[in-house]
Ligand SMILES: [Fe+2]
């Protein structure tokens, strides 16, 4: 796969990456890529042993609907991993559809509170939430440093 | 000066001998350009715009000299400029993307004498550098002599492209000199026929330590299995092409691609660019003369005309005909056992200026069964240029190829009578817009195999490329790859017997999904944005999974 990256001003650099560079070539055939809307996930997406949600709940227009529904698409004893920066996209998610990050009954109600409230109906939390950093490169001299909060949930039987 | 030269073996040889060889190659190249400009009638001719879409020739007279200095300064081999004003004015040609992209900018070009004296200064500077720079063998991409070779080979490309511009000047603006005398053989065109070419595998691309100079796009590796096909014995001659004109081909939209028809309508083209209709008689423009129509020489057309001809002939004959792809051209080359330029005693075809300064009859140079597999005129292919797996840009010339990786520039192969140096080698890869005129014609092939256009162009979407870097780029600030970290975490928390199917939501350009596939039987990567998924899908292209294609050029 080939891509360009912004260096500075109009200057760009050229990159080429192969699955072989990562020892992944032999697994390529097991992966399918599909377009889908998690706020309105069509029925064919089901029977998963693992659902890994990578910084997607903060980008979809109805995250609560997704969080309440996803257990139905998962197998017995399966694992749900939610990674999020809780950076709720204001132009996409109406304020009443946010999971947390506001005052509720006069008190702070964090995204962690909101996630826990919804998900613990269907899942058991495995251990503690953890923070994992990642870097988004704007150009050669500008990077955004994020911390995702990651929670691992086991589906109740 | 020496008219016939060979490009230099940069991998082996004694350094001091090599220095002499390069010095001679340099002076011969510089002389060759000056010989070419001797065909201009007078100083005024330099300032005429031979083609409304290009700079006048004065630009090219200065450009190749300026190129040496600009690249050597960029490489920090030279620390002083010779003439900053010239080195800016003559730096960039016109990047014509469309046939109506008129070059209207106004330039205050210096007089010819000023450019000539600048050229002399450059000649002395390069002469001194070649004599004084430390030379170690082999000469690879990072060696200062690579930059010298870059300048030499660049000037040789422009000898060819300028010769096309000279051919476009009014006849009385040029003079026919002995050095550039054209071929005087002409006659009746032989009947063309289709000859079988057996199936076989071809290997495209050069390894990094290939013995001769190459442009970035030549490196890398691609293997293609070619199904047997039939190839026309000769390049299409002027006479064979006449039948298309007589069949009113230039007025039948059905034979033209949409791009071709639009070009034809814009240009009001009725016949090839260098044909001249004088009353009821056809004449022909060589670089510097007008001659009777050489019916048995190859026709010179752009891709769009060549394509229309093939479509017409297919209909006429009921046979599936088209231009060969790049890989199919390699197949022709392989089965003809042609030595590459530095190894031949005498050119096996009309190439490298080893014969006359024009095309010659299509039945003059035979290679096994076929004629003109190399030389005479370039051969249009049906293939837009793209990068081979393993491609890298040369850091000192990063816009040689990459702007042409857009499916709008088609490759020409084989070289012409005036292709010298790198241009006349097997692996040379030049690509032009499809409406562009060079000394180029074509041969057709019969095959039922469709042309598959390149798909592995560069991802350039500004909202996608940062994710390409996040997923597949190097780790930054000591922070391990996020996608791999997440996937490893998931693999730690799932048990062996429950790893049937994983769903990776927000999978973007795919790293997490591939990492999960190490242990899961099946992984579905899901994203809201299709544009993000393209890169992940591209990763599954077999060229990026094939271990053998992964030989980095450094
Ligand atoms: Fe140039």
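No value in this document is a laboratory result; all are computed from the given coordinates. Computed from a predicted model, the values in this text were never measured in an experiment. Cβ coordinates were reconstructed from backbone atoms using ideal geometry, including for glycine residues, and neighbour counts include every protein chain displayed.
Side notes on the structure shown:
- On the beta carbon distance between residue B:191 and residue B:346, with R0 = 30 Å, the FRET formula returns roughly 0.55.
- Per residue convex hull volume, Cα atoms of the range B:15-180, in Å³: 121 Å³
- On full extension, the segment bounded by residue B:316 and residue B:252 gains 21.7 nm, given 0.36 nm per residue less the C-alpha separation.
- Residues B:501, A:71, sorted so that the one with the fewest Cβ neighbours within 10 Å comes first: A:71, B:501
- The Rg/Rh ratio of the protein assembly as shown, with Rg taken over Cα atoms and Rh as the Kirkwood radius over Cα pairs, comes to 1.06.
- Cα long-axis angle, helix B:112-132 against chain B (0 to 90 degrees, to the nearest 10): 60 degrees
- FRET efficiency for residue A:34 and residue B:396, using Cβ-Cβ distance with R0 set to 56 Å, rounded to 0.05: 0.85
- Shape call, chain B: gyration tensor on alpha carbons, a/c limit 1.5: oblate
- Remark on the range B:460-549: hydrodynamic radius 13.9 angstrom, per the Kirkwood mean of 1/r across alpha carbon pairs.
- Proxy reagent accessibility, fewest Cβ within 10 Å first, across A:31, B:523: A:31, B:523
- Bridge type composition, the range A:1-119 - antiparallel percent by DSSP, nearest 5: 60 percent
- Cα long-axis angle, helix B:144-168 against chain B (0 to 90 degrees, to the nearest 10): 50 degrees
- Counting Cβ atoms of other protein chains within 10 Å of each residue's Cβ and taking the mean over peptide B:520-533 gives 6.
- One equal scatterer on each Cα of the range B:194-456, no solvent, Debye formula: the resulting log10 I(q)/I(0) at q = 0.07, 0.10 Å⁻¹ is -0.23, -0.48.
- Every helix of 4 or more DSSP H residues in chain B counts as -39500 (n - 2.57), and over all residues that averages to -10000 deg cm²/dmol at 222 nm.
- Rg and Dmax of the range A:1-88, both derived from C-alpha coordinates alone, stand at 17.4, 52 Å.
- Ordering B:391-403, B:127-139 by mean Cβ neighbour count within 10 Å, with the highest value first, yields B:391-403, B:127-139.
- Shielding by partners, peptide A:37-49 (average Cβ within 10 angstrom, other chains): 3
- Rg(Cα) / (2.2 N^0.38 Å) computed for chain A, rounded to two decimals: 1.23
- Prolate/oblate/rounded call for the range B:383-534, Cα gyration tensor, a/c under 1.5 rounded: prolate
- Chain lengthening between residue B:12 and residue B:265 when straightened (0.36 nm per residue, less Cα-Cα): 85.8 nm
- Looking at the protein assembly as shown, the DSSP beta bridges with both ends there are about 70 percent antiparallel.
- The range B:148-273: C-alpha gyration tensor shape, a/c 1.5 cut-off, then a/b vs b/c: oblate
- Inter-part distance where the range B:446-524 and the range B:29-44 are each reduced to a Cα centre, Å: 56 Å
- C-alpha long axis of helix B:258-267 to longest principal axis of chain B, angle in °: 30 degrees
- Cβ-derived FRET efficiency at R0 51 Å, residue B:124 paired with residue B:495, nearest 0.05: 0.10
- Sorting B:533, B:516, B:204 from the fewest to the most surrounding beta carbons within 10 angstrom yields B:204, B:533, B:516.
- Backbone N atoms of the range B:354-398 closer than 18 Å to the 7 Å Cα→Cβ label point of residue B:227 belong to residues B:382-383.
- Separation between Cα centres of the range A:1-73 and the range B:175-225, rounded to whole Å: 44 Å
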